[in-house]
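Enquirer: The following block contains the structure, expressed as structure tokens.
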Amino acid sequence: VLYTRALAEQFGVDQARLLSLTVGAALHDLGKIDIPDQILQKPGRLTDEEFEVIKRHPALGHERLIEMGETDPIIMGLVRHHHERVDGKGYPDGLVESRIPLGARYFAVIDAFDALTSVRPYRSDVGAKAAERAIEELHAGIGTRYNVECVEAFTALYRRGELGWILEY
């Protein structure tokens, strides 16, 4: 949520949209409620079948928001499309670059950075250089996974030290 706010402010997002983006960021993995814990907490690599189950979580989260009466398109778009890729090989809908809601394009970068710099059941090798490695991976994914402007803006925030307090939070 804090990364989302920082990146959105970098792009000059107004306060109403900023609130929607931060709510969407907080709820982005809502659909994981419906994913079995033995898959979510698996310490090793997922099988192809398990990964197919995981890939359902954005659509499941979107469905839950509909059931709850949510109508904000920014929240809905971020929750449903945060695993889309700019090359169209993401999920759940295989959207390409400009068809991916802007909030989801922002958040894809943030979610990847967080995943690469956090201890996970399948990876505990997060060390002091994790953030630098994550930035390198984000840049390697420009044009395939991530939007170039989003990666560059996030990297600029990181390089200027504007994410330092968040990384320590």
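The values are calculated or read from the model by the stated rules, or taken from the named source; none is laboratory data. If you're wondering where the values come from, they're calculated on a predicted model, not measured in any experiment. Quick reminder, even Gly has a Cβ in these numbers, built from the backbone with ideal geometry, and neighbours come from all protein chains shown. Accessible surface is based on the protein model in full, side chains and every heavy atom, while ligands, DNA and RNA are left aside. Shrake-Rupley method; radii C 1.70, N 1.55, O 1.52, S 1.80 Å.
Enquirer: Hey, among 80, 120, which residue is of a type in the set (D, E, K, R), modelled with pLDDT of 90 or more and out of contact with any Ser or Thr (no Cβ under 9 Å at 6 or more places or on another chain)? Let's see the steps before the verdict.
Expert: Details: 120 fails: modelled with pLDDT of 90 or more.
That would be 80, the only listed residue that is of a type in the set (D, E, K, R), modelled with pLDDT of 90 or more and out of contact with any Ser or Thr (no Cβ under 9 Å at 6 or more places or on another chain).
Enquirer: In region 67-77, how many residues are open to solvent by 30 Å² or more (accessible area, probe 1.4 Å) and either over 15 Å from residue 23 (Cα atoms) or part of a helix (DSSP H, G or I) (or both)? Working first, answer last.
Expert: Initially, region 67-77 is screened for residues open to solvent by 30 Å² or more (accessible area, probe 1.4 Å), giving 67-74.
Subsequent filtering for residues that are either over 15 Å from residue 23 (Cα atoms) or part of a helix (DSSP H, G or I) (or both) retains 67, 73-74.
Number satisfying all stated conditions: 3.
Enquirer: Quick check on this structure: which one of 92, 58 is part of a loop (DSSP other than H, G, I, E, B) and either small (Gly, Ala, Ser) or touching a Pro at 6+ places or on another chain (Cβ under 9 Å) (or both)? Show your work before the answer.
Expert: Numbers: 58 fails: part of a loop (DSSP other than H, G, I, E, B).
From the options 92, 58, the qualifying one is 92.
Enquirer: Given the residues 80, 64, 85, 105, which is the only one that is open to solvent by 30 Å² or more (accessible area, probe 1.4 Å), part of a helix (DSSP H, G or I), closer than 25 Å to residue 158 by Cα and basic (Lys, Arg)?
Expert: Details: 80 fails: closer than 25 Å to residue 158 by Cα; 64 fails: closer than 25 Å to residue 158 by Cα; 85 fails: part of a helix (DSSP H, G or I).
Being open to solvent by 30 Å² or more (accessible area, probe 1.4 Å), part of a helix (DSSP H, G or I), closer than 25 Å to residue 158 by Cα and basic (Lys, Arg) holds for just one of 80, 64, 85, 105, which is 105.
Enquirer: Continuing with this model, one more query. On the given criteria, is residue 114 part of a loop (DSSP other than H, G, I, E, B) and open to solvent by 30 Å² or more (accessible area, probe 1.4 Å)? Working first, answer last.
Expert: Values: part of a loop (DSSP other than H, G, I, E, B): no; open to solvent by 30 Å² or more (accessible area, probe 1.4 Å): yes.
Against the criterion (part of a loop (DSSP other than H, G, I, E, B) and open to solvent by 30 Å² or more (accessible area, probe 1.4 Å)), residue 114 does not qualify.
Enquirer: Related question: From the list 16, 25, pick out the single residue that is in contact with a helix residue (DSSP H, G or I) (Cβ under 7 Å, 6 or more places away or on another chain) and of a type in the set (Gly, Ala, Ser).
Expert: Details: 16 fails: in contact with a helix residue (DSSP H, G or I) (Cβ under 7 Å, 6 or more places away or on another chain).
None of the others qualify; the one that does is 25.
Enquirer: Follow-up question, since we're still on this one. From (1) modelled with pLDDT of 95 or more; (2) surrounded by fewer than 21 Cβ atoms within 10 Å (Cβ to Cβ), pick out the condition that doesn't hold for residue 151.
Expert: Evaluating residue 151 over (1) modelled with pLDDT of 95 or more; (2) surrounded by fewer than 21 Cβ atoms within 10 Å (Cβ to Cβ) leaves (2) as the failure.
Enquirer: Would you please name the residue that is most open to solvent (accessible area, probe 1.4 Å), looking only at residues in region 1-34 that are in contact with a Ser or Thr (Cβ under 7 Å, 6 or more places away or on another chain) and not in a loop (DSSP other than H, G, I, E, B)?
Expert: We begin by selecting, within region 1-34, every residue in contact with a Ser or Thr (Cβ under 7 Å, 6 or more places away or on another chain); these are 1, 4-5, 21-22, 25.
From the residues that got through so far, the ones that are not in a loop (DSSP other than H, G, I, E, B) too are 4-5, 21-22, 25.
Values: 4: 3, 5: 94, 21: 8, 22: 19, 25: 4 Å².
Looking at residues that are in contact with a Ser or Thr (Cβ under 7 Å, 6 or more places away or on another chain) and not in a loop (DSSP other than H, G, I, E, B), I get 5.
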